[in-house]
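Below you'll find the structure, written out as structure tokens, and then a few comments.
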Amino acid sequence: MMRPFIITFVFSVFFLISTPSLQAEVTGKVHEEIPSATHGNVPTKALLEKRYDLAAGKKSYESAGCAACHDNAVMGAPKPGVKKAWAARLDHGWDQIVAHSLVDYNSMPAKGGNSSLTDKDIANIAAYMVSLVVN
């Protein structure tokens, strides 16, 4: 009775351990975590450029409706390039910035109200916006 559980458990652990290397094999990119800003670290512009497509993020930002609110700081939306507006958000870390962009959070609807955007689009948009305020 315990044997199926043990087999399943061992397989699951093996799968979880091998996933990053499998992803690297498929994509050609080694997974690189962005340090959490809660420990005083924020992603650098160079790291964002390496991991995300900032040009695609800028294009999506301009065409997907993000600029309508963010350029005008509607309901507290942080303006691109304004460090003071992004400081508190960066204190919560990169993962939180992306996570909050994917779901309804404060006054912003999930994906900025544009459900046609993929999670990757959202990450690229967030990376583009954050790249304007980090070194």
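Just give me the residues in segment 57-75 being under 23 Å from G93 (Cβ atoms), of a type in the set (A, V, I, L, M, F, W, C) and not in a loop (DSSP other than H, G, I, E, B), in sequence order.
Keep residues of segment 57-75 that are under 23 Å from G93 (Cβ atoms), which gives 57-58, 60-61, 66, 69-70, 73, 75.
Keeping just the survivors that are of a type in the set (A, V, I, L, M, F, W, C) gives 66, 69, 73, 75.
Within segment 57-75, C66, C69, M75 qualify.
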Within segment 69-99, track down each residue that is open to solvent by less than 90 Å² (accessible area, probe 1.4 Å) and either touching a Cys at 6+ places or on another chain (Cβ under 6 Å) or of a type in the set (S, T, N, Q) (or both). A77, Q96
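The values are calculated or read from the model by the stated rules, or taken from the named source; none is laboratory data. All values reported here derive from a predicted model rather than from experimental measurement. All Cβ positions, glycine included, derive from the backbone under ideal geometry; neighbour counts span all protein chains shown. These area figures cover heavy atoms from the full protein model, side chains too; ligands, DNA and RNA do not enter into them. Shrake-Rupley method; radii C 1.70, N 1.55, O 1.52, S 1.80 Å.
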